1. How many residues, within the stretch A:289-315, are more than 10 Å from every other protein chain (Cβ to nearest Cβ) and of a type in the set (D, E, K, R)?
2. Of the residues that sit in the stretch A:192-216 and are surrounded by 22 or more Cβ atoms within 10 Å (Cβ to Cβ) and among the acidic types (Asp, Glu), which one is nearest to A:Ile78 (Cα to Cα)?
3. For the subset of the stretch B:31-63 comprising residues that are more than 14 Å from B:Ser76 (Cα to Cα) and basic (Lys, Arg), which member is surrounded by the fewest Cβ atoms within 10 Å (Cβ to Cβ)?
4. Just the residues that are within 14 Å of chain B (Cβ to nearest Cβ) and touching a Cys at 6+ places or on another chain (Cβ under 9 Å), please, taken from the stretch A:220-256.
5. Among (1) part of a helix (DSSP H, G or I); (2) in contact with a His (Cβ under 9 Å, 6 or more places away or on another chain); (3) under 30 Å from A:Pro289 (Cα atoms), which single condition is B:Leu162 missing?
6. Pairs only if they're at least six apart or on different chains, beta carbon under 8 angstrom, first in the stretch A:299-318 and over 15 Å from A:Trp266 (Cα atoms) and at pLDDT below 95, second crowded, with 21+ Cβ neighbours inside 10 Å and aromatic (Phe, Trp, Tyr); list them, first residue then second.
7. Would you please list the contacts, defined by Cβ atoms under 9 Å and residues six or more apart or on different chains, that run from a residue in the stretch A:168-182 that is surrounded by fewer than 19 Cβ atoms within 10 Å (Cβ to Cβ) and in a helix (DSSP H, G or I) to a residue that is of a type in the set (Phe, Trp, Tyr) and at pLDDT 95 or above?
8. Counting only residues that are among the small types (Gly, Ala, Ser) and in contact with a Leu (Cβ under 9 Å, 6 or more places away or on another chain), which one in the stretch B:91-115 is modelled with the lowest pLDDT?
There are 2 protein chains.
Amino acid sequence: MPSVNADCLFLKACRREKVPRPPVWMMRQAGRYLPEYREVRKTASFLDMCHTPELASEVTLQPIRRYDFDAAIIFSDILIPLIAMGAPFEFPEGGPRLAEPFDDAKALERLKRVDAVTGMPWVHEALSLTRSQLDPSKALLGFAGAPFTLFCYLVEGMGSKLFPKVKQMMFRQPELARELLQLLAEQIGEYMVAQLEHGADAVQLFDTWAGLLHPDDYEEFALPYARQVFDRVAQTGAPTIYYVNGNPSLLSAQSAAGSTIVGVDWRSTLREVNRKVPSNVGIQGNLDPLVLLSSPEVVAQRTNRMLQEMDGRPGYIVNLGHGVIPQTPLDSVQAFVETVRASDRSASS
Amino acid sequence: MPSVNADCLFLKACRREKVPRPPVWMMRQAGRYLPEYREVRKTASFLDMCHTPELASEVTLQPIRRYDFDAAIIFSDILIPLIAMGAPFEFPEGGPRLAEPFDDAKALERLKRVDAVTGMPWVHEALSLTRSQLDPSKALLGFAGAPFTLFCYLVEGMGSKLFPKVKQMMFRQPELARELLQLLAEQIGEYMVAQLEHGADAVQLFDTWAGLLHPDDYEEFALPYARQVFDRVAQTGAPTIYYVNGNPSLLSAQSAAGSTIVGVDWRSTLREVNRKVPSNVGIQGNLDPLVLLSSPEVVAQRTNRMLQEMDGRPGYIVNLGHGVIPQTPLDSVQAFVETVRASDRSASS
């Protein structure tokens, strides 16, 4: 398997080395905004795509072919390991759903501990296959849902505006919540390590719902479990990204979770993020994904603003503040990538 | 009409005077968690309740009778003035909906400027009626949606996770967006003044969706229009509260909008809010409404924590960080109110 090479811009940025321009990729870049993705999707269900390494690998490579992003992120879903652990999520139009949420004392009995390689092999096979086809100058990213975010889906049984069942368990049965979170932290740590052993060059942990927590609750129910995951992955030496959505108050705590990079949403200016995140931690983000609904000119202007705000800071990775949405025009994405590429100092001097 | 008297704890706190304990009320306290509210609701639709001053007044007074809150907030909906302005929102189970969103250049033609008294009389009549029945030691609050939040509902035509039509208009047709926001700011300013002339002692402006904005966009599309509303209301001398939901990064800008008090959601600790908000601005909040799903003991503990975090700061009003949800147990609300009342220094010394 041809692995990533020493010139990989993405990995250099992760090591906070000097780079001619920051690397760029987009959360959910292997997705429905791409016509070639929609073609593949016609032939298989979302879950079948996740469970079929050839299809997952194909859609992972599509955005690299079209836009030459600096990193590919493997096509999968954060709920895939939960399905393997005995939580049979389905994926209807309105978002993922579990017929029987894990919201009572039986939750711990129902959730199975499984081997992070043989018990959930699909993503690993897709990673190996993708790494063998990906240009050695590009990084391949694995990912997982953070323990708290997976706990949210498990207990609520679906996405939610406020997650009342989750909060009820946290506040009424904190011991049960902690046992579930502990099991998830262990499984996700091993799952990420297995991804790194099967071709991923770095991994991103998505804490999509952590922003719904009061900072004191974040410190109790989310941070310690994310930290456990990063402690486990740190043993491999691979770079890690910790993305938290929905609450800028959590930034300091998020920065102390042990990841190489913090991923931030679009709710803060990068001026503020740059000031608050310690210099030994990198930063990824944070264009409002809906800016891509504007025009190439506005996209270029906003992207340049981010580049200026982060100018001179090592360890910056350009990204959106959240996943790209399906109705995004292709030329906006082009403008986003080209603006970053045009900032290359070696090219312009 | 017997008006509020000089001993009103709520108004003293608004003036940052010394008080034996902070006043307490709850966002959405006139609502579905109360059995007596559900009884009234059986006899009329939500919209009919908003449009019938006797019913609106009755449900406004219910939580005062049961819990002796220090302020009553008039029962209405932030969309009521928009309906009067020609946007016929309906209220099915899934939330408010507009058959034809105001998402194109015709939006300005379709939106009518109306008299803030005669064109939207229901809330004013409900306020007069309520003030005449409310104990003079209690404050009566009017309210409105902030211009940006109303703009969101108008353009998207419903609630949304990301409001793509709204962002599209902001980024592609900023002039049109500004004209709509300007009209809303003028109408809402007059609407709030009219509420104060009809019995309200103070008014709260709800910017429920402003948290979806990048801080630079907040400064462009939300803050100036909220500020116009507060400038207009300041001419009356009445206290104002500016509640912003969903983005702690906006707190400094929010504090500079010109309101007497800033209302904050549960995403920040009050320790941090206390530190960041200038001393000439009061603070309202911020218990996670889902803490009320726990037990009276946990509610008391969390409420005491807030009281300690704000101890000694003039101008503090105890509230939730968002509206109380329908499945909230009554004894949790009791514990919340009693904990605040038990902090009375004059009683305990």
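The values are calculated or read from the model by the stated rules, or taken from the named source; none is laboratory data. Given the structure is predicted, the values throughout are model-derived calculations rather than measurements. With ideal geometry, Cβ positions are generated from the backbone for all residues, glycine too; neighbour counts draw on all protein chains shown.
1. 4
2. Among those residues, the one meeting the criterion is A:Asp207.
3. Here the answer is B:Lys42.
4. Hits for the stretch A:220-256: nothing passes.
5. Just one mismatch for B:Leu162, condition (1).
6. Pairs found: none.
7. A:Pro174/A:Phe221; A:Arg178/A:Phe221; A:Arg178/A:Tyr225; A:Gln182/A:Tyr225
8. As a first pass, look at the stretch B:91-115 and keep what is among the small types (Gly, Ala, Ser): B:94-95, B:99, B:105, B:107.
Next, only the ones that are in contact with a Leu (Cβ under 9 Å, 6 or more places away or on another chain) stay: B:105, B:107.
Details: B:Ala105: 91, B:Ala107: 95.
Filtering the stretch B:91-115 for residues that are among the small types (Gly, Ala, Ser) and in contact with a Leu (Cβ under 9 Å, 6 or more places away or on another chain), the one modelled with the lowest pLDDT comes out as B:Ala105.
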